[in-house]
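Beneath this line is the structure, given in structure tokens, with notes to follow.
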Amino acid sequence: MAFHSGRHYLQIPGPTNVPDRVLRAMDNPTIDHRGPEFAVLGGEVLAGMKHVFQTEGEVVIYPGSGTGAWEAALVNTLSPGDSVLMYETGHFATLWSQLAGRLGLDVELLPGNWRRGVAAAAIEARLVEDKAHDIKAVCVVHNETSTGVTSNIKSVREAIDAADHPALLMVDTISSLASIDYRHDEWGVDVTVGGSQKGLMLPPGLGFNAIGAKALEASKSSTTPKSYWSWAEMLGPNAKGFFPYTPATNLLYGLREALKMLLDEEGLDAVFARHRRLAEATRRAVRAWGLEVFCANEDEHSASLTGVIMPEGHSADGLRKAILDRFNMSLGSGLGKIADKIFRIGHLGDFNELMLMGSLAGVEMGLEVAGTPHSKGGVTAAMAFLSERRNDSVKLSAGRPITEKQQEQQL
Ligand SMILES: *Cc1c(COP(=O)(O)O)cnc(C)c1O
């Protein structure tokens, strides 16, 4: 590997850049996870995560990846042979459906157009057909990381209600949590799945479930064998800030610091506005290059990443390699059936205007180096947008209740 001075640009849509202060927070002695100091830490991060999920229900934190949290959602609520309805928004939705199949669930994956989000009408139509209520859960991905398309979860809830169907609603928010507005309680979601290494600005290693009352009730009659992922095992000790087994203590130090940044200092609404604005600047750059954004619906553009279609006959992976070799930046690859056809620019987590401009400059230079047909001016278009508009004026309602001292600082 050639030597590169300066920082590597990690512009894949997860793992994302970890802020220095989060790294420093983790760089501390690991404490006794059965001691009083840990109970305070555990209580704090569990409470903070409820704000992030926008729920007053339970949240559990696993040492594990997002995939583990996918599994936890299913094994806690369902029983072998249960039918689940999933929707093919892209590669991650497909992987979740395959995992469900391996667990012995009877999976129906509704085919979808990868350039669009979940078609709630298709879910409603399928549930209306299911007069016997065989389908026990509807599982969808909020932000499909393989495509850069964000689905309307509220519309999925409404579809289930319109069909008057009792299925649980489970949502993967691994690449949207703490980047794109998400409301577990208000949208009537039963189980939400999250991970640490994307919007939460942490290294990989934590998985989350937010659990609604109906899901908790369903977990009491679920017969799928489970132990490590068992909510019941977790929730007992969690009530006092403890875990049933050794938690990822140092990652939890990092989580405490990240929650401070997201909830107390920036505020979730401002975090969401920042992501929307940087995403819009990215799309303006892509269009100025004469390239096409993969998401085909104006209402469903992801605020955390942008998929870009390569011109016919040009390799996305070749372009990514040129950019990595020459400019020390990692971009996301096309996954599944769109491998080598698109590349993905991650713009989520600990990220700002100048980091975006560096990333877009790297792409624009890379297009030149790789001989990709394009127009100049993407960087200029993004700069014009960013300098003409500040972050949307925001109110700080979605974070933790703010103290008087913080209120003064806002004025
Ligand atoms: C990253 C991601 C996953 C997988 O998470 P891991 O932590 O790699 O197991 C699942 N779903 C979505 C939407 C993702 O973005």
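FYI, it's all coordinate maths here, none of it is from the lab. Being a predicted model, the structure only gives us computed values, none of them experimental. Methodologically, a virtual Cβ is constructed for each residue, glycine included, from the backbone with ideal geometry; neighbour enumeration extends over all protein chains shown.
Compared with the direct C-alpha span, the chain from Y228 to D340 gains 36.6 nm at full extension, assuming 0.36 nm per residue.
Rounded to the nearest 5, the antiparallel percentage of DSSP beta bridges internal to the chain is 55%.
What full-extension length gain, to one decimal in nm, is calculated for A213 and D299 as 0.36 nm per residue of separation minus the Cα-Cα distance?
Extending this stretch completely gives an extra 27.9 nm.
Electrostatic bookkeeping for A93 treats Lys and Arg as +1 and Asp and Glu as -1; over the other residues with beta carbon under 13 Å from its beta carbon, the sum is -2.
The modelled label-to-label distance between M365 and D185, using points 7 Å beyond Cα along the C-beta direction, is 4.8 nm.
Beta carbons within 10 angstrom, averaged per residue: use that to sort the peptides 378-385, 3-10, highest first.
Numbers: 378-385: 19.1, 3-10: 11.4.
Taking the mean over residues of other Cβ atoms within 10 Å, the ranking is 378-385, 3-10.
Tell me the relative contact order for the chain as a rounded percent, counting alpha carbon contacts under 8 Å between residues six or more apart. Contact order relative to length: 23 percent.
Counted over the stretch 20-263, the DSSP beta bridges are approximately 45% antiparallel.
Once you reduce the stretch 306-363 and the stretch 109-148 to the center of their Cα atoms, the two points are 29 Å from each other. On a C-alpha basis, how far is the centre of the stretch 1-19 from the centre of the stretch 151-190 in Å? Whole number, if you could? Centre-to-centre distance over Cα atoms comes out at 33 Å.
Treating r as the C-beta distance of N113 and A162 and R0 as 25 Å, the FRET efficiency rounds to 0.70. Taking a straight line from the alpha carbon of K337, these lysines sit under 27 Å away, with near neighbours fewer than eight places off in the same chain left out: K198, K321. Three principal axis extents of the chain based on alpha-carbon atoms, in descending order, are 60, 52, 45 Å. Within the stretch 169-203, list the residues whose amide N lies under 20 Å from a label point set 7 Å along Cα→Cβ of T30. The answer is 196-197, 202-203, whose backbone nitrogens lie closer than 20 Å to the label point. Summing +1 for each Lys or Arg and -1 for each Asp or Glu, what net charge is found among the other residues whose Cβ lies under 14 Å from the Cβ of R21? So the environment of R21 carries a net charge of -4.
Nearest 20 debye, what's the magnitude of the dipole of the stretch 121-166 about its Cα centre given +1 on Lys and Arg Cβ and -1 on Asp and Glu Cβ?
120
One chain, two ends: K154 and A132. Fully extended at 0.36 nm per residue, the span grows by 5.5 nm beyond their Cα-Cα distance. Each other residue within a Cβ distance under 13 Å of E312 adds +1 if Lys or Arg and -1 if Asp or Glu, for a net charge of -1. Considering only P80, S65, H51, and ranking their Cα positions along the charge dipole of the stretch 35-109 that arises from unit charges at the beta-carbon of Lys, Arg, Asp and Glu, the one farthest toward the positive end is S65.
With helices as the sole contributors, the chain gives -12000 deg cm²/dmol at 222 nm; each DSSP H run of n ≥ 4 counts as -39500 (n - 2.57), and the sum is divided by every residue.
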